[in-house]
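Working notes, structure below.
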């Protein structure tokens, strides 16, 4: 049964790569110039798309050009994939956990920013010993973002406010609050007029995993530990049972004696803390200085990652690694070939498209007896 649940995402990814390969080939003027010679056009198309995907691999996993004289140096692209995947794992877990409790957390972006603010503030404002400084910055990020997410759960449980609307609005609040911080307060780096915060101190930074020449840092291990903690929470704890019960049927859970209001507030606090931990990893592990664009698109990509991961911690980790590889390799693909960087975004969009249409995948591959597994409905994630 588990293999069946993994088969649909794998086939969805395969279809996305096939369709994207066709787009890469037929967007190349050299391929289209051979339209009067179909066989040559086909061969050139395969060569073009193959070169693009090879460049994607070199930019995300291993680059032989960097391995001359130092074999391990060829894995620098994989280090970049881990750097980009770490915040995605944490924000994806935030969205996935909310899914399992019947909530749609669109606010991972704002929660990510709240966590980044907390980590950055502690990182550059205080002078603490090594390790303690990092832990204090992470703790601040967890508190800031946990309260920011928990406020959504509180509003929903007490007033019935829909979490989608509230979280979308709070994304704007976080973004504009960050701009204010970086323009009029101590968060603005001395001597600068552009929105740039001071760098976090050396003692607050997360250590590198494979040496200073690689950017991969302890944030990836933190993300894996968080994934393990979420798995334990959902599958081995009483609170996890309550979250899943509320997500499956809130009315029945209330009848069984479960406090739906408490479960909703708690799960949104934890979801917010996970997204904020992603912000802390971004600031303490790789960026070091907060800018107005620190959140990037992590919060919104997290929704895609959670969907591709089928709302499970393990699936979310693999989905985040895939998207991290697409982000890291996309730059090399653009530089080495004539492939536009936007086509990487097309690949991501196609993955979502095919994931959201399991009936289409089953029809294409004639998998009539395959169960669709888990799916997102208007009431959350059902499995």
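The values are calculated or read from the model by the stated rules, or taken from the named source; none is laboratory data. In this text the structure is predicted, and so the values were computed from the model without any measurement. FYI the Cβ positions are ideal-geometry reconstructions off the backbone, even for glycines, and counts take in every protein chain you see.
A few points about this structure:
- Sole exception among (1) in the same structural domain as residue 264 (by TED's automatic domain parsing); (2) surrounded by fewer than 21 Cβ atoms within 10 Å (Cβ to Cβ) for residue 86, by number: (2)
So that you can scan it fast, the table gives a plain yes or no per residue for (1) outside any helix (DSSP H, G or I); (2) under 23 Å from the mean Cα position of the chain (by Cα); (3) within 17 Å of residue 324 (Cα to Cα):
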| site | (1), (2), (3) |
| --- | --- |
| 13 | no, yes, yes |
| 16 | no, yes, yes |
| 21 | no, no, no |
| 34 | yes, no, no |
| 42 | no, no, no |
| 49 | no, no, no |
| 55 | no, yes, yes |
| 58 | no, yes, yes |
| 62 | yes, yes, yes |
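- Taking region 191-266 and the helices (runs of 4 or more DSSP H) fully enclosed by it, the elements with 1 or more residues that are over 19 Å from residue 83 (Cα atoms) and in contact with a strand residue (DSSP E or B) (Cβ under 7 Å, 6 or more places away or on another chain) are at 238-248.
- No other residue among 91, 48 is buried (at least 20 other Cβ atoms within 10 Å of the Cβ), closer than 30 Å to residue 360 by Cα, touching a residue at least 24 places away in the same chain (Cβ under 8 Å) and not assigned by TED's automatic domain parsing to the domain that holds residue 208 apart from 48.
- Checklist (1) closer than 30 Å to residue 113 by Cβ; (2) in contact with a helix residue (DSSP H, G or I) (Cβ under 6 Å, 6 or more places away or on another chain); (3) in a helix (DSSP H, G or I) applied to residue 74, failing item: (1)
- All positions within region 345-361 that are in a helix (DSSP H, G or I) and in contact (Cβ under 8 Å) with a residue 24 or more places away in the chain: 346, 347, 348, 350, 351, 352, 353, 354, 355, 358, 361
- Of 99, 144, all but one fail to be in contact with a strand residue (DSSP E or B) (Cβ under 7 Å, 6 or more places away or on another chain) and either in a helix (DSSP H, G or I) or free of Cβ contacts under 8 Å to residues at least 24 places away in the same chain (or both); the exception is 99.
- Any hit, region 151-163, residues being under 25 Å from the mean Cα position of the chain (by Cα) and within 27 Å of residue 190 (Cα to Cα): no
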